[in-house]
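Structure first, commentary second.
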Amino acid sequence: MVRVDGSGSGGALIQVRGVDKNYSRAGEEIHVLQSLNLDVDKGEFVAFMGPSGSGKTTLLNLLGGLDVPTHGSITVDGDEITHMSAGKLTQWRARHVGFIFQMYNLIPVLNAFQNVELPLLLTKLSKSERRQHVEAALTIVGLAERMNHYPRQLSGGQEQRVAIARAIVADPTFLLCDEPTGDLDRKSADEILDLLTRLSTEYHKTILMVTHDPAAAERAHTLLHLNKGVLVEGAHLDQVAGGVA
Amino acid sequence: MKYSSLLFANLFRKKVRLMLTIGSFAAALFLFTFLAVVKSAFSRGVEVAGADRLVVINRTSIIQPLPIADRDKILTIPGIKAITHNNWFGGVYQDEKNFFPQFAIDIENQRMVFPEMVVPDDQWKTFLNDRQGAIAGARTAKRFGWKVGDRIPIKTTLFGGPGAWEFNLDGIYHNDRPGGDESQFWLQYKYFDESMPADQKGLIGWYVIRLDNPEDAARVAGAVDAVFANSTYETKTETESAFAASWVKQFGNIEFLILTIGSVVFFTLLLVTGNTMAIAVRERTAELAVLKAVGFSDRAVLFMVLGESILIAAIGGTLGLVFAAAAVPVLANALNGLLPVLVVSPVTLLTGVGFALAVGALSGLIPAFGAMRLRVVDALRRV
Ligand SMILES: Nc1ncnc2c1ncn2[C@@H]1O[C@H](COP(=O)(O)OP(=O)(O)OP(=O)(O)O)[C@@H](O)[C@H]1O
Ligand SMILES: [Mg+2]
């Protein structure tokens, strides 16, 4: 279930309550998010759409613990992240969040394997365990054969798949994708969307995705529109997503 | 180390830049080592000078003589084990470039005052009985390929008019003390004095006193100067190391010069590498942000940047030290023994390594703190 009216039962994986986010620019307050509520259950696949500058990235940053709201609270899996110290929040991110960015953001001097391994360096896993996890993640995204390739030796779509492998390798609680197909051609974009859909249906990952692409939005179970600082439900797409799976 | 692959990958990101930065460290450390070696060569005389010896010179200046008759007056002061006197004999062997110090010595007492300069007894005996005899330090003998029994012509314009004096090399002395001087050339004072014009006879350059007890140095020095106060030949008596130090100062303030050059090198290097690290960090802002998003702590990022600049410093610094250690002997040769022994000591090497690491750490500090404070949200928005 996904709700935007703050009426969630309390059992939702992600609970956002009355979140405001203001920026001050040149002495002027901009209210980007206003009393925003959101409940997302485990295993959901949510797409966010909205005009440029409506605060989609801002919202993802708050959900991912990269930024803190001006007011309100965000609770994930029982942990309220809004009052965590910066250090705690970093550890929390490592354990719970997988980030996928529009520009892939791979480390150019590391090969695919090493890029995917990065989050695991923060864990207590042994070298051979790390190798197993990395290979499994790269196999899921279909790039096991390319693990010695460097980002510049990969196409944009492949780079994004490596980025997805990096996001899932530590088995995070949920994935945050900010326009994951925004920089890709249709074919590569569809492959990425197929992959995200599989992660949702086969691996039951909880996915929150910002997109401008209607085709991408169609893959999600739920479509939410961000407008003037609040979320409104779009068409329910459960049936569409079910049909694809 | 788990992060080492990341550290090394970052290091080799821009190979040309890496080479240039390592090169500046190597050049700076080369220069540093070189200066340190020269400095220690100049101050070695001070370091190895005997603590139980006093040097008595004319109060006016070292080049003014003292009467040989003063010797007996000095000997009345208690606490003196032995006393010798030396004259500067500014001769030239073959060529002006072949400089080495030549002293006319008091043959009866020289060995008692300088026991560390060891001459085999049979050679010493030959020398005592040879009016034209000479003893050379092992280093000088080796430098000119002299052997005991060689005849050595020394030209001088100072004494007895122009012309060459001829000496028989009767012996070679070695210095027991590590780093001690082995470059002197000794001739007999008597022979020297005979050749002096009447008005310059009976004069010596300076006395060297060996004390029974080093703790008496101040007392004996004071007593000597008191004896000759208000006489025609007033004296200035100081410990041998103080004397050596003022001797070194004649070459100009080497310490200051070296310190100045060293500081300039230090700050230049700091600015160059600081700038390089700042650029290196700025161009990977997005990557650092991703590392933080993934869960790398601020401190981990700080240490990664710092580690990188320290690693560069360590590599470059080591290279510079190795080059310097290889070049110093070549240089020492080229200088023709003009300076005392040039050696790269372990202390110099350790100081050099410490210097390099300090510059590496300092230059990485500001960029590293910048990386630490970087906010993921801002960094990713900038791209
Ligand atoms: N650090 C900041 N300081 C000031 N204003 C900011 C800051 N970050 C974001 N904003 C403003 O907040 C608003 C929302 O930005 P945000 O990036 O969340 O929009 P978006 O919906 O992701 O847009 P897009 O679709 O173009 O990516 C914009 O008006 C932006 O200029
Ligand atoms: Mg955005």
Which values, in whole Å and largest first, are the semi-axes of the equivalent ellipsoid of chain A obtained as the square root of 5 times each eigenvalue of the Cα gyration tensor?
29, 21, 18
Residues B:Phe266 and A:Ser9, FRET efficiency given R0 of 60 Å [Cβ-Cβ distance, rounded to 0.05]:
0.35
In which sequence would A:Met49, B:Met112, A:Met84 go, from the one with the fewest C-beta neighbours within 10 Å to the one with the most?
B:Met112, A:Met84, A:Met49
Once the cut-off is 46 Å, how many percent of the Cα-Cα pairs in the protein assembly as shown end up in the long-distance tail?
47
Using the alpha carbons of chain B, what is the convex hull volume per residue in cubic angstrom, as a whole number?
183
Would you list A:His83, B:His174 from fewest to most Cβ contacts within 10 Å?
A:His83, B:His174
Mind listing the long-range amide H neighbours of A:Val210? Cut-off is under 5 Å, sequence gap 5 or more, other chains count too, H placed in the peptide plane at 1.01 Å from N.
A:Phe48, A:Cys177, A:Asp178, A:Glu179
Excluding the sites themselves, what is the longest stretch of chain B that contains no chymotrypsin sites (Phe, Trp or Tyr not before Pro) in a DSSP loop with at most 12 other C-beta atoms within 10 Å?
B:13-250
Check the straight Cα-Cα distances from A:Lys127 and name the aspartates and glutamates below 15 Å, setting aside those fewer than 8 residues away within the same chain.
A:Glu117, A:Glu135
In region A:111-168, the trypsin sites (Lys or Arg not before Pro) that fall in loop regions by DSSP, at most 10 other Cβ within 10 Å
A:Lys124
Using the basic label-point model (7 angstrom from Cα toward the beta carbon), what is the B:Phe256 to B:Asn129 distance in nanometres?
5.5
Between A:Pro51, A:Pro119, A:Pro172, which gets the highest mean-square fluctuation from a Gaussian network model of chain A, Cα cutoff 10 Å?
A:Pro51
Count of lysine pairs in region B:60-233 with Cα separation under 29 Å (8 or more residues apart, or interchain):
23
Note on chain A: contact order normalised by length, alpha-carbon pairs under 8 Å, 6 or more apart, percent, works out to 26
Per 10 angstrom bin, beginning at 0 and ending with the bin that holds the maximum distance, the Cα pairs of region B:60-233 fall in percents of 9, 36, 35, 17, 3
Sparsely packed GluC sites (Glu not before Pro) within region B:227-304, loop by DSSP, other Cβ within 10 Å at most 16:
B:Glu234, B:Glu283
For chain B, modelled as a Gaussian network with Cα springs under 10 Å, which listed residue fluctuates most, B:Val294, B:Val322, B:Val343?
B:Val294
Those trypsin sites (Lys or Arg not before Pro) in region B:84-142 that DSSP places in a loop and that have at most 16 other beta carbons within 10 Å
B:Lys97, B:Arg131
What is the gain in length, in nm to one decimal, between B:Leu350 and B:Ala27 on full extension, counting 0.36 nm per residue of separation less the C-alpha to C-alpha distance?
114.6 nm
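Values quoted throughout were computed directly from the atomic coordinates according to the rules given, and no laboratory measurement underlies them. Keep in mind it's a predicted model, so treat the numbers as computed, not measured. Please note: Cβ atoms are built from the backbone with ideal geometry, for glycine as well, and neighbour counts cover all protein chains shown.
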